[in-house]
Amino acid sequence: MTSVPYFYNYSKVSPLTFTSSDTNVATIDSNGVVTIVATGTTTITASFAGNDRYKPYSGSYTLNVNIAPVVDPEPEYYLTHNGHKYVDLGLPSGTMWATYNMGSTALNEYGDSYFWGNTNPITTDTENYDCGIDDIYAVNVENTIPDSYSKYNDTDNKRILDMTDDAARVNWGGNWRLPTRDDFDELQENTNITVVSNYLGRGADGLLFTSKTNGNAVFFPLSDNGSDGYMKLMSNELWITNQPYIWMYGSWWGSPATTAGFDIDGDFSRWYIYNIRPVFTAN
């Protein structure tokens, strides 16, 4: 184990005595050099016996020894567009996928949640989870499910978000946008999908999409929906720009067999609360 200087008798007026309350965690020699032995907690004490000029004194320090989690570095192929990281998977359309969901800064985070058509994330205030209260295009927004909208309705027949209502474009700028169903289909067709645990040592479980062309990969965290001892199911929902939404899933059906992928869900409601994984198309 690594030894480091810990205490030192700067006064040189009299020898100091050093002790460790748990030598199974750390030891300290007569010169005050501490040697880590194992994880745990110990109290390091330096004592001065006193002399004809100074009174006896002792001081203690609680030493906590922990093992730092092993975290692998991010892949070198992560690039940046307008301040946000993305992965080039060599897709035929030239579409680039963000490495994280909107609002997250790490692989194990799900990020912010949105209503469809809203550019601001919902808050943690429970009132904002009430049916459509945050939907800017809901005509009736007070404590009831809106049955008509001022935009994207049966009158204007709009089913694809304008860029002014695209949370990715508004918040991330550049060429970022919400993905379409075609984007997800292309992702699935041109990658190998695997269910992974503790991706890059960051405590995240989910799906890893690895390019069949260049080997680069993009990761999607999934939430744990529980296990019955035989099957473990994880899933997450993501908005797309042209309604309704993507249901992404991964499951363990015994060991080692797995199933993974995503599907479009026809049960569309604009006041559902989902995450966003932005994309952009290279010029």
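If you take the square roots of the eigenvalues of the alpha-carbon gyration tensor of the range 17-80 and sort them as a ≥ b ≥ c, do you get rounded (a/c under 1.5), prolate (a/b over b/c) or oblate?
Working: a/c = 4.35, a/b = 2.88, b/c = 1.51.
Prolate, since a/c reaches 1.5 and a/b exceeds b/c.
Of the residues F48, F219, ranked by 1.4 Å probe accessible area with the largest first, the sequence reads F48, F219.
Rounded to the nearest whole Hz, the Karplus-based 3J(HN,Hα) values (6.51 cos²θ - 1.76 cosθ + 1.60, θ = phi - 60°) of the range 36-51 follow the sequence 6, 10, 7, 5, x, 10, 9, 10, 9, 10, 10, 10, 10, 6, x, 8, with x at glycine and proline.
Let me check something: with ligands and nucleic acids excluded, how do W172, W97 order by accessible area (1.4 Å probe), largest to smallest?
Numbers: W172 30, W97 0 Å².
Reading off the accessible areas and sorting them downward yields W172, W97.
Spin-label model, E76/A49: points 7 Å from Cα along the beta carbon direction are separated by 6.0 nm. Using a probe of 1.4 Å, the accessible surface attributed to Y61 totals some 110 Å² when neighbouring protein chains are kept in position.
Which FRET efficiency value, to the nearest 0.05, is calculated for D156 and R181 with the Förster distance at 25 angstrom and r the Cβ-Cβ distance?
Details: r = 21 Å, r/R0 = 0.83.
Efficiency computed from Cβ-Cβ geometry: 0.75.
The values are calculated or read from the model by the stated rules, or taken from the named source; none is laboratory data. Values in this document were obtained by computation on a predicted structure and should not be read as measured data. As a convention, Cβ positions derive from the backbone with ideal geometry for all residues, glycine included, and neighbour counts pool all protein chains shown. To get the accessible areas, we keep the full protein, side chains included, count just its heavy atoms, and leave off ligands, DNA and RNA. Shrake-Rupley method; radii C 1.70, N 1.55, O 1.52, S 1.80 Å.
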